[in-house]
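The values are calculated or read from the model by the stated rules, or taken from the named source; none is laboratory data. Everything numeric in this text was worked out from a predicted model, so none of it was measured. Cβ: placed from backbone, ideal geometry, glycine included. Neighbour counts: every protein chain shown.
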Amino acid sequence: MIWQLDLLILSLIVLCALATISVKDLFSAAIIFGAYSFLMCLLWTEMGAVDVAFTEASVGAGVSTVLFVAAVFRTTRKVKDRGVKRYWTKGVGLLAATSVGGVLIAAVGDFPGFADPLSPASTHLSPYFITNTLTDTAVPNIVTSVLADYRGYDTMFETAVIFAAGLAVIAILRRSKTGVQHESREKVILSEGYEDTIIRLVARKMVPFMQLFALYVLAHGHHSPGGGFQGGVILGASFILIAISYDMKMLLGRMSEKWNVLLGNIGVLVYAGIGFVCLLLGANFLDYSILHRILPATDEIMARSHGMLGIETGVAIAVSAIVVSLYVNIASQGKHDKGL
Amino acid sequence: MHYIYTFLIMLVFWVTLSGKFDLFHLTLGVISSALVSWMSADLFMLDPKKKGRVATACRFLAYFPWLIKEIFLSTLHVAILALHPRMREEIDPTIVTFKTILKKDIARVALANSITLTPGTITVRIVEDVFYVHAISRKAAAGLPGEMEQRLARVFEGS
Amino acid sequence: MIDLLTILLLSIGLFSFFSTTIGILRFPDFYSRMHAAGKGDVFSSLLILVGLGIYSLHHFTGASILVFLKIVAISVFIFLASPTATHAIVDAGYESGVKPWTKDKQEEGSDDLAT
Amino acid sequence: MEQFFLFMGIGICVLMLLTLYRVVVGPTVIDRLMGVNVFGTKTTVLLLIIGVMFDRLDMFIDISLAYALLNFIVTIATSRYFQHHKTLSATGYGYSFSKREKSDD
């Protein structure tokens, strides 16, 4: 917390947010929202929440902006709010919004102060994690061990939610060649882009480094900020870069649709499977300490550490596959022919 | 062969990133590098049979200091223009085209990015061997392609 | 000594960022703004990154050398990515028909693109 | 030294505030895109400066690297949009300055 930077970044964020909601052009709104996410990541970092900042940098600033642009690319840039012309509708909306906002602002007064050492979270829960995490699990990064071990159920269902979101997008958008061809209401006319040598070559040389960096983020989630989600998103982003700089065929040639969906399944199954292995060995679901019986050269503490690495790998596989499939389906309207 | 090259480069990059030298993390590094070289070695090096990569890389490194100097000059140029009180009289933007003598894609891309980084010019696009360059003044446009192309020809297409 | 070098590099970097920003605000059309944005940013971020890298060598240990190497990796990455991104944006502008500002027809400058 | 880094951070923040003019006002969407690209570079640097201030540079450097990578992807993706749509304004899907006949039929 450095209050001068805090103030400046916060005012930047508010300005960006106002600009995002006031601009009429959806493409501009997506771009400004990207800037908003950049700043949000900066704010998290500045408050010391490094893992959250990493997630915001990879998911918010990176992939979601690309997905927004892909969605605008296939639909339309115009805002359509011509339906609401009656002023009383707007008035009721304004009244509801301000009253809810007022209640929320009034509730802020009851919150404990920022980093208050006497708040309940800091007196009961946090000291336990701070003192016991390293001896329990041999993982220095407390956030990783809380996410993947102490509340492993929660993370498992988060992964399942992401998987379900991917499935939903596939189910809504995917159209096979023989099926009924629905044209979107506003027909989008695309012209052929030309092949850009510079972008292609630089992207080609950059993709392996990006993928290795993603795997590093995944593997070193125990020691530094990062983990399965962030690593998976960066890995997926590297595949998206292939699709953007070349074309959709290049991506689908490396990662076909069948494999993509299969990998999404495999990721969730790896997570749940490790839980079931624990169950079969006679411990609770997702209680990794029992895994020392089947892993070579580990005691109970290291078994928890390795178990976390296993489930993080599952998360990364699922997330990267889902991110790629989201991009492919949104950018090609489910036809898998052409993308951005 | 290109798999092995990619694997080695990735392993060096991993060690730089990781900074942990115990057996467990090195094993993870080897696995990750092998995975990446399996996934994208064909992207990283399109032509597995090509010779003389190392020599080209060394010559390219020797090209760097000159490029840094050019970038410094270019930043100075932009700074002077930006802070100039009568800036609109100083600049005179045009888009110029020229043909390059460079044959290889990588050489062309290096030339394009060098043009972007050096004073007063930005590469707009490359179509076959024609460069479209936006120059901020006639003087900057007159100096194209100039010394840079010669140097890059020596780097990438010399023996 | 190291402190002095860091302060020098970072100050030059900040000044260069400053002139870049002024350029972005003052130049008449999109292409010349890209000149400021594309070039100034590479050089100034290189300077600041190198300055921070040298500062991190203050406590000369193995870890700080690795931090320095990572900073070098970021610099190399910016060196590759920034001109490419600049080119991509300029090309997008060219493709979508932004007319360059020229001296003789100033009335057709960037101002009428706002409509 | 601590004071100096704080000064640097504030300076870069103020410059971002100035750049925000181009992001918010435009005038065209390409100017916004350029503004966001500049934002990305400045944020990459600012993250490292905050890292030095907290004395944990090794942690912040990973975020900064991820940031630079994703900024590149976003810029490329956003500029590829114009390769297919060839229009600056949001007034529909056909209007462009010189190629109206080509893309609007």
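General remarks:
- Count - residues of region A:102-116 that are exposed (fewer than 10 other Cβ atoms within 10 Å of the Cβ) and either within 28 Å of the chain's Cα centre (by Cα) or under 23 Å from A:Ile2 (Cβ atoms) (or both): 5
- On the stretch given as region D:27-48, residues that are within 7 Å of chain C (Cβ to nearest Cβ) and over 17 Å from C:Gly38 (Cα atoms) total 3.
- Matching residues in region A:143-159 - criterion: being within 15 Å of the chain's Cα centre (by Cα) and under 15 Å from A:Ile274 (Cα atoms): A:Thr155, A:Met156, A:Phe157, A:Thr159
- Candidates A:Ser58, A:Ser99, A:Ser64 - the one that is modelled with pLDDT of 85 or more and buried (at least 21 other Cβ atoms within 10 Å of the Cβ): A:Ser58
- The set of residues from region B:87-136 being over 18 Å from the mean Cα position of the chain (by Cα) and either at the interface with chain C (Cβ under 10 Å from one of its Cβ atoms) or surrounded by 23 or more Cβ atoms within 10 Å (Cβ to Cβ) (or both) comprises B:Met87, B:Arg88, B:Glu89, B:Ile91, B:Asp92, B:Pro93, B:Thr94, B:Ile95, B:His134, B:Ala135, B:Ile136.
- Members of region A:218-256 found to be of a type in the set (S, T, N, Q) and more than 18 Å from A:Ala331 (Cβ to Cβ), listed by number: A:Ser224, A:Gln230
- Across region C:2-22, the number of residues qualifying as buried (at least 24 other Cβ atoms within 10 Å of the Cβ) and modelled with pLDDT under 85 comes to 0.
- Of the residues making up region B:51-75, those that are within 14 Å of the chain's Cα centre (by Cα) and among the basic types (Lys, Arg) number 1.
- Restricting A:Ala70, A:Ala57 to residues that are facing chain D (nearest Cβ under 9 Å) and under 25 Å from D:Ile61 (Cα atoms) narrows the list to A:Ala57.
- Here C:Ile74 meets each of (1) touching a Ser or Thr at 6+ places or on another chain (Cβ under 7 Å); (2) more than 7 Å from every other protein chain (Cβ to nearest Cβ) with one exception, condition (2).
- Residues located in region C:40-50, provided they are touching a residue at least 40 places away in the same chain (Cβ under 8 Å) and at the interface with another protein chain (Cβ under 7 Å from one of its Cβ atoms): C:Asp41, C:Val42
- Scanning region A:1-50 for residues that are more than 7 Å from chain D (Cβ to nearest Cβ) and hydroxyl-bearing (Ser, Thr, Tyr) gives A:Ser11, A:Thr20, A:Ser22, A:Tyr36, A:Ser37.
- Pairing each residue of region C:87-115 that is more than 14 Å from B:Tyr132 (Cβ to Cβ) and at pLDDT 75 or above with any residue that is part of a loop (DSSP other than H, G, I, E, B) and of a type in the set (Lys, Arg), provided the two are 6+ apart or on different chains, yields C-beta distances under 6 Å for C:Ser96/D:Lys86.
- Condition broken by B:Phe64, with the remaining ones in (1) closer than 27 Å to C:Gly13 by Cβ; (2) not in a helix (DSSP H, G or I) satisfied: (2)
- Within region C:23-52, the residues that satisfy the criterion of being in a helix (DSSP H, G or I) and surrounded by fewer than 20 Cβ atoms within 10 Å (Cβ to Cβ) are C:Leu25, C:Arg26, C:Val50.
- Scanning region B:55-86 for residues that are of a type in the set (Val, Ile, Thr) and either surrounded by fewer than 16 Cβ atoms within 10 Å (Cβ to Cβ) or touching an Asp or Glu at 6+ places or on another chain (Cβ under 9 Å) (or both) turns up B:Ile68, B:Ile80.
- Residues of region B:5-24 that turn out to be within 12 Å of chain C (Cβ to nearest Cβ) and buried (at least 18 other Cβ atoms within 10 Å of the Cβ), as a count: 5
- Flag if C:Ile74 is touching a helix residue (DSSP H, G or I) at 6+ places or on another chain (Cβ under 7 Å) and crowded, with 17+ Cβ neighbours inside 10 Å: yes
- Consider region A:124-177 and keep the residues that are of a type in the set (Asp, Glu) and in contact (Cβ under 8 Å) with a residue 12 or more places away in the chain. The one that is farthest from A:His220 (Cα to Cα) is A:Asp136.
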